[in-house]
Amino acid sequence: MKRDPLNIAPTISRTADVLLPLALDQAYSYRVQDNIDLEAGDVVSIPFGPREAIGVVWSIDCSGTKRGDNLKLVKEKLDWPALSAPMRQFVDWIAAYTLAPRGMVMKMALRDPTQVSSERPRIGVQVTGIEPKRPTTQRTRLIETVKQGGNHTKAEYAKLAHVSSSVVNSLIDEGVLETYELNTRQITTELDPDFASFELSDDQREAARSLSAKVEAQTNSVTLLEGITGSGKTEVYFEAISAALKVGRQALILMPEIALTTQFLDRFAKRFGAYPCEWHSGISEARRGRQYHAIAEGKIKVAAGARSALFLPFKNLGLIIVDEEHEAAYKQGDGVHYHARDMAVVRGKLENCPVILASATPSIESRVNAEQGRYTHLKLNSRYGGRVLPDLSAIDMRVNGPKTGQWVSHQLETAIHETVERGEQVILFLNRRGFAPLTLCRTCGHRWQCPNCTAWLVEHRFRHSLVCHHCGHIERTPKQCIICHTADSLTPVGPGVERLGEEVAAKFSKYRGVVLSSDFAGGSERLREELAKVAKGEFDIIIGTQLIAKGHNFPGVTLAAVIDADIGLANGDPRAAERTFQLLQQVTGRAGRGDKKGRGLLQTYQPEHPVLRAILSGDTERFYREEIELRHQMGLPPFGRLAGLVVSAVTHIEAENHARSLARAAYGLSGDGSLYADISTLGPAEAPVAVVRGRHRFRLLLKAPRAADMQGFIKDILAKAGPAKGSVRVLIDIDPLSFM
Ligand code: ADP
Ligand code: ZN
């Protein structure tokens, strides 16, 4: 890189305010030499303290009024995609909304140019058409992977197909694969908007036409695309993507991370003749770096990604789709606490492009926005091809429960036999990872607790360990009790998917079963493979956590059973009912997506609970009506706004004291007649999980009408209470989804 020497003093008439990708809110002023051509959005290197740093020019001032001699000079402008004006507004908007420092938000939109390794020539492989002499499973898997395209390197394909590099090399030697040099352009593939579209049903066509018209209008709009599972939402929004391609604009598809299945990518490729650009933590840094450039240059037309994809530097964004918009996974739980669905709506506004929110079970928020006319509401009311929703019924565990230590009732057992004997598949859903949620000593009653958190350790029998699901603490499962030293006295309490797997293996030994959860051995790629096998019918009984409930299309599944439908209804979370409703709808929606009718069974101890009644009755509208009415009465989102302040510290007393001073400040500021009189403060209360990672936690909950200035209130509280001292930290969570 060429540097301008600093010892010359050319004439200076401009200053630049530069934002750094650090937890700082403020931009710093630098002088700009006249011979540098600089604009807002440019990425520059600047002196910062004793070192050199990277930053983005947030504004340029040409008035010459800020000409202090104490200002340092911008070192140079880097050859790196500039952040567009809408992108800079987006960063400012999110920072103002979440109260996170602007620099921290900007960091999500910037890849560090200094981190990019010098580009070595990269060698890709492609198929030649020659068949392998010995088609082993590994070889076949590799060839299939390469055929899927994507312009990966040899090493990347080996990793994707879970084979060693020698398998790749031997196929090259045999002439089955050939190498070629990859350049940046080749990470982009041509998408054909008319490659292969389905004949749409009448209501699909109408929805597709309406969405395409919005894309062609090239102005902002928000549409809630609601349709029961299997109604063809994906096919319909593919038409909107096709429209975006035809007008020469880019499209972004956001999905909860795990939904980025090969199934979805394959479907996309069948529709558009090539794969979309994938963006999530599973993609290598180097590849993401190249994709970042290609997106900024407008060469990549469609990106599909997890929530971080929302910050990609599209040159010409013409459509944003948020699939499964109700998913809690869209909320980022650390760093900047943003909700990707809500921020997608904001980005759509700033980019002046349409936004589509798709779901079978929309969030109450989006439902209300649609009903109040802020969003267009499109509904697909029937399953494609006249397929019907599964018949649902409850199994009352109070009268028909299994033996203690077992979780599959007799009724369910019979239903499983019937289903598998017909050659169909069964899903057993239990939203608990591991073997058992609690382990105790049979002799002395000792319960294994996390040393860092107020939480029981969860036994993971495959890994022979006890694990904390809050902080990740892991220890080997002891052979004897650490208190009374009795050998083999450990007893699991309650079910996890692994334990259910054991029971199923014992009861149905001749069926092929699989247990799937996010801690599946082998990581996310193996998991994707197992999900693909499920789709192909290679397992009879699929046991899993919420991971199997999401977005997959398993045509052979005709029975979906929920082992414990009551989990999640008991906690004091205002969204508990909504979340349980969505999850159970989704699980039971997995059944009967193929040609045969499906069946859903819910094991429950409280079949009369309103949420379960709503699901069993199939009267979704009633559930929404009642839940919306309840939220309305209680002033809960979206009728009111919530914010959480979580105070944590190394000691209980430090955390409690600071939480109390925040509360005092809040009460003082929201007195009668004050600016914030309509905002109420609840707490401080010790958090339900009182200690996490050795930090004691207290919570305050702020509740306000929609129009109130929640952010102003919080800023004033923090200012009035004074800075947090010692180990105290305050976390601000606007629109919290978690209350733990
Ligand atoms: P959703 O996203 O609403 O759950 P999908 O778009 O996944 O629904 O559609 C469910 C299944 O029905 C998929 O296998 C899809 O390919 C198929 N399907 C939907 N619409 C059509 C159509 N018009 N023609 C052919 N197959 C369709
Ligand atoms: Zn822990």
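The values are calculated or read from the model by the stated rules, or taken from the named source; none is laboratory data. Everything quoted here is computed from the prediction, not taken from an experiment. Methodologically, a virtual Cβ is constructed for each residue, glycine included, from the backbone with ideal geometry; neighbour enumeration extends over all protein chains shown. We work out accessible area using only protein heavy atoms, side chains counted, and drop any ligands, DNA or RNA first. Shrake-Rupley method; radii C 1.70, N 1.55, O 1.52, S 1.80 Å.
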Applying the selection to segment 95-115, what residues are open to solvent by 50 Å² or more (accessible area, probe 1.4 Å) and among the aliphatic types (A, V, I, L, M)? 96, 104, 108
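Does residue 373 fit the bill of being within 16 Å of ligand 1 (Cβ to nearest atom) and on the phi > 0 side of the Ramachandran plot?
Numbers: within 16 Å of ligand 1 (Cβ to nearest atom): no; on the phi > 0 side of the Ramachandran plot: yes.
It is false that residue 373 is within 16 Å of ligand 1 (Cβ to nearest atom) and on the phi > 0 side of the Ramachandran plot.
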Which of (1) assigned to a loop (DSSP other than H, G, I, E, B); (2) within 16 Å of ligand 1 (Cβ to nearest atom); (3) closer than 22 Å to residue 212 by Cα is the odd one out, the single condition residue 361 does not satisfy? (3)
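Can you tell me which of 470, 485 is at pLDDT below 90 and either of a type in the set (S, T, N, Q) or part of a loop (DSSP other than H, G, I, E, B) (or both)?
Numbers: 485 fails: at pLDDT below 90.
Going through 470, 485 in turn, the sole match is 470.
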How about segment 130-181: which of its residues are surrounded by 13 or more Cβ atoms within 10 Å (Cβ to Cβ), of a type in the set (Lys, Arg) and over 28 Å from the mean Cα position of the chain (by Cα)? 139, 141, 154
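Restricting to segment 416-430, give me the number of residues that are within 34 Å of the chain's Cα centre (by Cα) and either assigned to a helix (DSSP H, G or I) or surrounded by fewer than 22 Cβ atoms within 10 Å (Cβ to Cβ) (or both). Steps first, answer last, please.
So the first thing to find is which residues in segment 416-430 are within 34 Å of the chain's Cα centre (by Cα), and the list is 416, 419-420, 424-430.
Keeping just the survivors that are either assigned to a helix (DSSP H, G or I) or surrounded by fewer than 22 Cβ atoms within 10 Å (Cβ to Cβ) (or both) gives 416, 419-420, 424.
Qualifying residue count for the region: 4.
Kindly check whether there is at least one residue in segment 208-224 that is in a strand (DSSP E or B) and open to solvent by 10 Å² or more (accessible area, probe 1.4 Å).
Of the residues in segment 208-224, the ones in a strand (DSSP E or B) are 221-224.
Filter once more, keeping what is open to solvent by 10 Å² or more (accessible area, probe 1.4 Å): 221-222.
Within segment 208-224 (the criterion being in a strand (DSSP E or B) and open to solvent by 10 Å² or more (accessible area, probe 1.4 Å)), the answer is yes, since at least one residue qualifies.
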Does residue 370 satisfy the condition of being among the small types (Gly, Ala, Ser) and open to solvent by 30 Å² or more (accessible area, probe 1.4 Å)? no
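Only one residue in 234, 145 is in a helix (DSSP H, G or I), in the same structural domain as residue 342 (by TED's automatic domain parsing) and under 30 Å from residue 592 (Cα atoms), so which one is that? Talk me through it step by step, then tell me what you get.
On the way: 145 fails: in the same structural domain as residue 342 (by TED's automatic domain parsing).
The conditions single out 234.
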Taking only pairs six or more apart or across chains, which ones have beta-carbon atoms under 8 Å, a first residue in segment 318-346 that is in the same structural domain as residue 646 (by TED's automatic domain parsing), and a second residue that is in a loop (DSSP other than H, G, I, E, B) and more than 16 Å from ligand 1 (Cβ to nearest atom)? none
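Rundown of residues vs (1) surrounded by fewer than 19 Cβ atoms within 10 Å (Cβ to Cβ); (2) away from ligand 1 (no atom under 16 Å from the Cβ); (3) part of a strand (DSSP E or B), yes/no style:
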| position | (1), (2), (3) |
| --- | --- |
| 337 | no, yes, no |
| 343 | no, yes, no |
| 357 | no, no, yes |
| 405 | yes, yes, no |
In segment 693-740, how many are aromatic (Phe, Trp, Tyr) and out of contact with any strand residue (DSSP E or B) (no Cβ under 8 Å at 6 or more places or on another chain)? 0
Using beta carbons and a limit of 8 Å, which pairs, at least six apart or on different chains, have the first residue in segment 544-567 and outside any loop (DSSP other than H, G, I, E, B) and the second one of a type in the set (Phe, Trp, Tyr)? 544/429; 546/429; 548/429; 549/429; 560/429; 561/429; 562/429
Quick test of your reading of the structure: residue 237 fulfils all but one of (1) within 14 Å of ligand 1 (Cβ to nearest atom); (2) open to solvent by 20 Å² or more (accessible area, probe 1.4 Å); (3) under 22 Å from the mean Cα position of the chain (by Cα). Name the failing condition by number. (2)
So for segment 286-296 (the condition being at pLDDT 90 or above, on the phi < 0 side of the Ramachandran plot and surrounded by fewer than 17 Cβ atoms within 10 Å (Cβ to Cβ)), does at least one residue qualify? no
Scan segment 393-402 and tell me whether some residue there is open to solvent by 10 Å² or more (accessible area, probe 1.4 Å), away from ligand 2 (no atom under 14 Å from the Cβ), part of a loop (DSSP other than H, G, I, E, B) and not assigned by TED's automatic domain parsing to the domain that holds residue 554. no
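Let's see how each residue does on (1) away from ligand 2 (no atom under 16 Å from the Cβ); (2) part of a helix (DSSP H, G or I); (3) without any contact (Cβ under 8 Å) to a residue 60 or more places away in the chain:
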site: 686; (1), (2), (3): yes, no, yes
site: 689; (1), (2), (3): no, no, no
site: 700; (1), (2), (3): yes, no, yes
site: 703; (1), (2), (3): yes, no, no
site: 712; (1), (2), (3): yes, yes, yes
site: 716; (1), (2), (3): yes, yes, yes
site: 726; (1), (2), (3): yes, no, no
Six or more apart or on different chains, Cβ under 7 Å: which pairs go from a residue in segment 441-457 that's more than 20 Å from residue 688 (Cβ to Cβ) to one that's away from ligand 2 (no atom under 14 Å from the Cβ) and of a type in the set (S, T, N, Q)? Could you list them? 441/486; 441/489; 442/489; 442/491; 443/486; 443/489
Looking only at segment 227-248, count every residue that is in contact with a Leu (Cβ under 7 Å, 6 or more places away or on another chain) and either within 16 Å of ligand 2 (Cβ to nearest atom) or within 15 Å of residue 215 (Cβ to Cβ) (or both) and tell me the total. 7
Residue by residue through segment 451-471, note down the ones that are within 11 Å of ligand 2 (Cβ to nearest atom) and either open to solvent by less than 50 Å² (accessible area, probe 1.4 Å) or among the charged types (D, E, K, R) (or both). 453, 455, 457, 458, 466, 467, 468, 471
